[in-house]
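Have a look at the structure below before the remarks.
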Amino acid sequence: MALSWRSWLANEGSKHLFLFFWLSLNVWLFWKTFLLYYQGLQYYYLHQMLGLGLCVSRASASVLNLNCCLVLLPMCRVILAFLRGSQKVASKKTRRLLDKSKTFHVTCGVTICIFSVLHVAAHLVNALNFSENYNEEFLALNAANYRGEDPRKLLFATVPGLTGVIMVLVLFLMCTASTFAIRVSNYDIFWYTHNLFFVFYMLLMLHVSGGVLKYQTNLQEHPPGCFNPNKTLQQNLTVPKAFEELFPDYTTEPFPEDLPVPEPFVQNHFMRICSEEPKFQSHFPETWFWISGPLCLYCVERLYRYIRSNKPVTIISVISHPSNVLEVRMMKDDFEARPGQYVILHCPRVSALESHPFTLTMCPTDTKATFGVHVKIVGDWTERFRDLLLLHSNQDTEILPIFQQRRYPKLYVDGPFGSPFEEALNYEVSLCVAGGIGVTPFASVLNTLLDGWKCYKLRRLYFIWVCRDIESFRWFADLLCMLHNKLWQENRPDYINIQLYLSQTDGMQKIIGEKYQALNSRLLIGRPQWKLLFDDIAKCNRRKTIGVFCCGPNKISKILHKLSNSSNSYGTRFEYNKESFS
């Protein structure tokens, strides 16, 4: 399969180039900081006392500062949603970069883990060096109190050491709970441990406030490498031969302060003579400059989201669909959303802290304020949520007038937030592929087209839906039929191409009901022939850019991603997009 470099750069290459740039930036920052501190140690003649451990620890700390600063920004969902919908970000390529926010967050997290290991290893070496190479000439720079002090005291009996140990434990919990296996098997563990980030940042601010790093305050009076005659002669150190010839009787006496020294001799041998001992003062924690801005921004956004979602929604109806799917229709004052966006649901009676994202399947419009979601019953949270909403677990439908509604539990909605599927209406041609419950992002797009399609750029939509059982198609069968009939009445039957695939069956089946005749003719048995499908779409849309949107199993996603990167003889370019909750 030939590879189109243009398609590769549009779909996947931009991400790889950015990751390469980010890795290079971190390595460059590490190396520059390492050289800076290494040259400083040699300038102060401290490299034998502290070794390379301090250089490595400071270099890794600079990388950690950068990544701890930026790791929170991709989680500012409100800001990302604003940028995606803002006219200031008019470029489609720029908006597509926002879809990589989760990837950037994970990249920063992995970088923090790697350089944290390096940082900890360097500080273990530092603790040993401070203990074994204790120097009385630099009492202010010594982290140890005396030679041979137990290095474990520096790790567990000081503020930087103790906070560092706790941060390592917190980071270990967050990293291990973020693995795919734990997130899939027990999402609660991932959720609760990831919220320890606030503890991590508080410890980080304490960690850098210990005053271990210091700088010299009297460089004019005591320039690095200057000669201190009093100290040198009192310690009976070897002095230059010229001094022995000039002052043979004062080799063990203090150097006379008022005795003139030949100027050429000073310039050629010592450059400058110290007038006082070096004085050191603790650095202001630079980490505060790095993390205070993003942390405050994130906290302000979380506060805004809390205030915005503090009022519970009004549940209009609850519908139980086949194959364990629950539809919830709601209303909320001043709620606005775009097709393809998602919300976060929080039900205190189900869980006091836990909340989950769900794609909007129905968005509010100018004529109706109702919006809704479809919830696949998988896991403890969704099961408890269903039991609270339905009077009986086997009840199929419950739609009651507002004045007759039962007392539903309080439900809070946070959002909406942006997703790649907002771009489905911004292409002239779009290919939407759904697997099972992955159809939910496209349901809001179809509902929007049902209200009116002429105001959007989209002029042709290929809709592919793959399900394992026939009953799953009934989730949105009515919507598909209404949209199909509307387009036929408006003499645009070619606007949408619907293909339904039943992957598992014992024989020919049909969607029950006379009103679904339009869908029965589009129901196919088996799985799509993706290569033939892409070739046919490329042939019918020569020299056009087609947006490919996928929400479903990873196997289908990888196939579509690969086909989107491949070249074709029709000059058609495919741009791949995939749903990914951040």
Exercise. In nm, to one decimal, how far is the modelled label at residue 482 from the one at residue 530, with both set 7 Å along Cα→Cβ?
Worked result: 3.3 nm
Seminar exercise, completed: Here the relative contact order (percent) of segment 159-206, from C-alpha pairs under 8 Å and at least 6 apart, is 50 percent
For this session: Set the Förster distance to 30 Å, then compute FRET efficiency between residue 299 and residue 117 from the Cβ-Cβ distance, nearest 0.05.
Result: 0.60
Problem set entry | Net length gained if the chain between residue 378 and residue 195 were fully extended (0.36 nm per residue, minus Cα distance) | 63.6 nm
Problem set entry | FRET efficiency estimate (nearest 0.05) - Cβ-Cβ, residue 36 to residue 456, R0 45 angstrom | 0.25
Exercise. Label points 7 Å out from Cα along the Cβ direction at residue 19 and residue 153: separation in nm?
Worked result: 4.7 nm
Exercise. Where in segment 518-538 does the amide nitrogen come within less than 20 Å of the point 7 Å from the Cα of residue 569, taken along Cα to Cβ?
Worked result: 530-538
Seminar exercise, completed: Violations at 32 Å Cα threshold for listed pairs 311/376; 102/153; 102/486 -> 102/153; 102/486
Exercise. If each Cα of segment 420-581 is one equal point scatterer, what is log10 of I(q)/I(0) from the Debye formula at q = 0.13, 0.16, 0.17, 0.20 Å⁻¹?
Worked result: -0.59, -0.92, -1.05, -1.44
Problem set entry | Full-extension gain in nm, residue 188 to residue 539, via 0.36 nm per residue minus C-alpha separation | 121.6 nm
For this session: Please work out the FRET efficiency for the pair residue 166 and residue 366, using the Cβ-Cβ distance as r and a Förster radius of 56 Å; give the result to the nearest 0.05.
Result: 0.55
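Every number here is computed from the coordinates shown, using simple stated rules; none is lab data. As the structure is a computational prediction, the values presented were derived from the model and not from experiment. All Cβ positions, even for glycine, are placed from backbone atoms using ideal geometry, and neighbour counts span all protein chains on display.
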